[in-house]
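Trainee: Structure incoming, see below.
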Amino acid sequence: MRVWIENPFDNLPVEGFRPQRYWLMAQAFVRAGHEVVLWTANFNHTTKQNRRFVAQPKLETDEQGNKLPEFIVDGIRLILLYEPPYDKNVSLGRVISHRAYARQWESYARSRADALGHPDVIVVSTPPLATGDVAIRLARHWGAKLVVDVMDDWPGTFYRLLPRGLRWLGWMAFAPAHRAARRLYAAADLITGVADRYADLVSPKPLKRFYHGIEIDQIPQSPPPSRSNNLSLVYVGNLGRTYDLQTVVQVVEMLPNVTLDVAGKGEGLEALRARASDRIRIHGYLGADRLRSLLARCDAGIVPMVAESCVGVPYKFGDYSAAGLAIMSSLGGESGELLARYGAGVSYETGDAASFAAAIAELLPKLEEVKAGSRRMAEAEFDSRRIYDDYVRHVTL
């Protein structure tokens, strides 16, 4: 089968970052003998720069010898579509950027379809919503099976941008986005997602959940905790308004036995750098090797997400648990249930310094057993090989 997978957001291993959901998914389809095209943006949405490859693969050419924005990497045809840059995640510039990317996808796909081979399956991620109508048209044009993979609740996550007293008007403020989401879910032949909580979004259609996978056998393990009562914390990810790191920093500044390493990029980076010290270290965004090394030196990973984030189970759960880190999370629901089931971490209330300090006090005496529980969770829930091989079987039934 020919499988087209579209997602503009994920980092790529050819950039020096660890493979994420859609690359791992593409690899699984290749392992199963399918022909795979992975469509993504030439703009990295994390670094806010054009993608920069650490080892430049060879550009493909057309029949006339013209170079194309296409590469063959590990049996995957990777196509980089132009997307205009933007500075802030929450901005009009981002909306314009996504729409331009969607137009570019449709135009390039139609012009190259005969050479690439018409798709039998199209897997499209949501968000962004801008690509949904394109995916519907392309799937109908070629009679392809349309698979929608739900990564996040758009536009639900945008309700938090409204004043609390006006959030009930979100259905009106974001009505066009709601309609776009409903069209995509209604047209889908199959809907998958990264968390069970997104099943309500697509109802009455069913959603098959596949957590974010990680190559757990590639991750160095954090060492057993020392008996000195010290605790090394780490945060990996976006530094935007969805994450409350200021409360974490406030508590760490008060506890001389606790250190914090932050690896990420976003709007809050400069504010964090202003509070850096010998115990609060700000690293910026790290490539795969440096990130693995950092995680292997720490005891616990932090998931400091605000309640309005709409996240079910984040990438961070896989990153931290694969390295054998205890998890300190402000997420309830599905994430909280996973932590409790495996004894993999402790919970706290975001924005509440006393709650975070109490979580540290709760974690310290049982750190070794919690770290072991976290690794068990990784092996049972986030093994990428098992998750994405199962994904392929489900999609190709």
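Trainee: How much mean residue ellipticity at 222 nm does the chain get from its helices, if each DSSP H run of length 4 or more adds -39500 (n - 2.57) and you divide by all residues, to the nearest 500 deg cm²/dmol?
Mentor: Using -39500 (n - 2.57) per qualifying helix, the result is -11000 deg cm²/dmol.
Trainee: What is the Cα centroid distance between segment 311-366 and segment 271-305, reported in whole angstrom?
Mentor: A separation of 17 Å, based on Cα centres.
Trainee: Now for a separate question. Tell me, what is the percent relative contact order of segment 108-251, built from C-alpha pairs under 8 Å that lie six or more residues apart?
Mentor: The value is 19 percent.
Trainee: Let me ask another. Tell me which of 388, 185, 263 sits at the most positive position along the dipole axis of the chain, charges placed on C-beta atoms (Lys, Arg +1; Asp, Glu -1).
Mentor: 185
Trainee: Give me the accessible area of residue 267, 1.4 Å probe, in Å² rounded to the nearest 10.
Mentor: The accessible area comes out at roughly 90 Å².
Trainee: Nothing charged except the Cβ atoms of Lys and Arg (+1) and of Asp and Glu (-1): what's the magnitude of the dipole of segment 9-57 about its Cα centre? Round to the nearest 20 debye.
Mentor: Charge dipole of segment 9-57: 160 debye, to the nearest 20.
Trainee: Still on this structure, I have one more. Choose one answer from 158, 210, 382: the residue with the largest mean-square fluctuation in a GNM of the chain with alpha-carbon springs under 10 Å.
Mentor: In this elastic network of the chain, the residue with the biggest mean-square fluctuation among 158, 210, 382 is 158.
Trainee: Quick one: which residues, 5+ away or cross-chain, put their amide H under 5 Å from the amide H of residue 330? H built at 1.01 Å from N.
Mentor: Answer set, sorted by chain and number: 303, 305, 348.
Trainee: On to the next question. Under the classification rounded if a/c is under 1.5, otherwise prolate if a/b is larger than b/c and oblate if not, where does segment 266-388 fall, given a ≥ b ≥ c as square roots of the Cα gyration tensor eigenvalues?
Mentor: Because its axes are fairly even, with a/c under 1.5, segment 266-388 counts as rounded.
Trainee: Can you give the charge dipole size of the chain about its Cα centre, rounded to the nearest 20 debye, using +1 on the beta carbon of Lys and Arg and -1 on the beta carbon of Asp and Glu?
Mentor: Working: 48 positive and 45 negative charges, 115 e Å.
Charge dipole, the chain, about its Cα centre: 560 debye, nearest 20.
Trainee: State, as an integer percentage, the relative contact order of segment 332-397 based on alpha-carbon contacts under 8 Å between residues 6 or more apart.
Mentor: Numbers: 38 pairs, mean separation 21.2, N = 66.
The value is 32 percent.
Trainee: Probe radius 1.4 Å, ligands and nucleic acids ignored: give me the carbon and sulfur share of the accessible area of segment 241-397 as a rounded percent.
Mentor: 49
Trainee: A further question follows. Just 358, 326, 274 to compare: in a GNM of the chain, with alpha carbon springs under 10 Å, which one fluctuates most?
Mentor: The residue with the greatest mean-square fluctuation here is 274.
Trainee: What residue among 133, 114, 319 shows peak mean-square fluctuation when the chain is described by a Gaussian network model with Cα springs under 10 Å?
Mentor: Result: 114 has the largest fluctuation of those listed.
Trainee: Provide the per residue accessible area, probe 1.4 Å, for segment 222-291, rounded to a whole number of square angstrom.
Mentor: 47
Trainee: Could you give the length gained by full extension between residue 337 and residue 368, i.e. 0.36 nm per residue of separation minus their alpha carbon distance, to one decimal place?
Mentor: Working: separation 31, 0.36 × 31 = 11.16 nm, distance 2.01 nm.
Gain on extension, residue 337 to residue 368, equals 9.2 nm.
Trainee: Right, another one. Among 45, 91, 287, which residue has its Cα positioned farthest towards the positive end of the charge dipole of the chain, with +1 placed on the Cβ of Lys and Arg, -1 on the Cβ of Asp and Glu, and the dipole taken about the Cα centre?
Mentor: Going by the Cα projections, it comes out as 91.
Trainee: Something else: In debye to the nearest 20, how big a dipole does segment 120-202 give about its Cα centre with +1 on each Lys and Arg Cβ and -1 on each Asp and Glu Cβ?
Mentor: Details: 10 positive and 8 negative charges, 76 e Å.
With Lys and Arg at +1 and Asp and Glu at -1, about 360 debye.
Trainee: Which of 348, 219, 321 sits farthest toward the positive end of the charge dipole of the chain, with +1 on the Cβ of Lys and Arg and -1 on the Cβ of Asp and Glu?
Mentor: Selected residue: 348.
Trainee: Post the alpha-carbon centroid distance, segment 47-98 to segment 166-188, in whole angstrom.
Mentor: Computed from Cα coordinates, the inter-centre distance equals 29 Å.
The values are calculated or read from the model by the stated rules, or taken from the named source; none is laboratory data. What you see is a predicted model; the values in this text were computed from it and never measured. Note that each Cβ is placed from the backbone with ideal geometry, even for glycine, and that neighbours are counted across all protein chains shown. Heavy atoms of the whole protein, side chains included, go into the accessibility calculation; ligands, DNA and RNA do not. Shrake-Rupley method; radii C 1.70, N 1.55, O 1.52, S 1.80 Å.
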